[in-house]
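The values are calculated or read from the model by the stated rules, or taken from the named source; none is laboratory data. Keep in mind that this is a model prediction, so the values were computed, not measured. Neighbour counts run over all protein chains shown; Cβ positions are idealised from the backbone, glycine included. We work out accessible area using only protein heavy atoms, side chains counted, and drop any ligands, DNA or RNA first. Shrake-Rupley method; radii C 1.70, N 1.55, O 1.52, S 1.80 Å.
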Amino acid sequence: MSNDHHDTITYKDSGIAQPWHLVRPSIWPLIGAIVAGLMVGGMVLYMHKDKIGSVDLGAGWPMIGLVGVLYVMYRWWKTIIHESSVEHAHSPVVKIGLRYGMALFIASEVMFFSAFFWAYYSAALYPPAILGGVWPPANIKTFDPFDMPSIMTLILLLSGTTVTWAHHAVLEGKQKEMVKALALTVALGFSFSLCQAYEYHHAEFSIKSGMFGSTFFMATGFHGLHVIIGTIFLAVCWWRAKQGHFTQESHFGLEAAAWYWHFVDVVWLFLFVSIYWYGSH
């Protein structure tokens with residue numbers, strides 16, 4: 001039996017005798033771009049305190065954008081889950097494309113964080129004269145890397161083991177173990193975000209504290225945002241696991257979430273070594 005025929009047979013539940021998935025036109029990419037622009041643009045306006053007369057241009061826009069982004073995520077995820085679980089549109093050929101897409105997305109994220117590390121090491125290895133030629137700057141009291149940052153590191157490393165547990169559980173057909181492991185991973189991700197919020201609250205410098213403050217908060221802040229996104233991603237997977245959407249043969253949603261979470265883990269290890277440990281010296 002040829003591979004093409006095999007793909008057609010596995011795709012028969014959709015009622016279309018071919019393995020490709022022709023995505024229906026969707027409004028959500030456009031709406032997502034608009035609300036994401038509102039969120040980011042609103043944050044910029046809010047931080048710069050821009051006004052027209054007495055009207056604060058940033059007031060409320062970041063929150064409106066955030067609510068819009070969350071709603072778009074919900075509707076878009078709902079559509080994709082329907083395509084996979086109801087329409088059976090994700091054939092083996094389609095899943096190959098999904099895997100390539102996720103891999104390229106993570107590669108783009110690697111380049112995104114590389115820019116922050118480049119900015120940090122450019123200042124750390126060659127401190128400009130305005131900083132007195134030292135790094136970290138003399139007026140910056142850094143965090144003890146073996147205090148809260150080490151606890152956050154342990155939390156993320158432990159979450160990496162629980163998401164791997166969930167992946168192996170679905171491969172072995174252990175539904176209850178998969179649900180339990182995903183619940184633990186979500187709880188650990190939420191715990192990490194709480195720890196980071198506590199750390200930021202007790203920081204003795206801000207994003208306005210020169211090169212160190214800006215590079216520290218941009219790098220760790222964007223990582224924290226990725227942890228929140230990954231936690232939501234895993235929470236959706238937990239809900240889907242409880243609904244029985246994942247099987248030994250079809251579970252790419254969980255696999256993609258695991259890839260993303262491991263990427264978040266690895267980035268944090270680089271942040272811990274570079275910014276917390278090296279930066280504290």
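One table, with the values for the structure above:
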{"read-out": "Residue match in the stretch 175-186 (condition: open to solvent by 90 Å² or more (accessible area, probe 1.4 Å) and modelled with pLDDT under 95)", "value": "yes"}
{"read-out": "Unmet requirement for His88, which otherwise passes all of (1) in contact with an Asp or Glu (Cβ under 7 Å, 6 or more places away or on another chain); (2) open to solvent by less than 30 Å² (accessible area, probe 1.4 Å); (3) not small (Gly, Ala, Ser)", "value": "(2)"}
{"read-out": "Verdict on Ile140 being modelled with pLDDT of 95 or more, open to solvent by less than 80 Å² (accessible area, probe 1.4 Å) and either part of a loop (DSSP other than H, G, I, E, B) or of a type outside the set (Lys, Arg) (or both)", "value": "no"}
{"read-out": "Sole residue being in a helix (DSSP H, G or I), open to solvent by 50 Å² or more (accessible area, probe 1.4 Å) and without any contact (Cβ under 8 Å) to a residue 40 or more places away in the chain, chosen from Leu157, Leu66", "value": "Leu66"}
{"read-out": "Filter pass, Ser191 being open to solvent by less than 80 Å² (accessible area, probe 1.4 Å), among the small types (Gly, Ala, Ser), at negative phi and modelled with pLDDT under 95", "value": "no"}
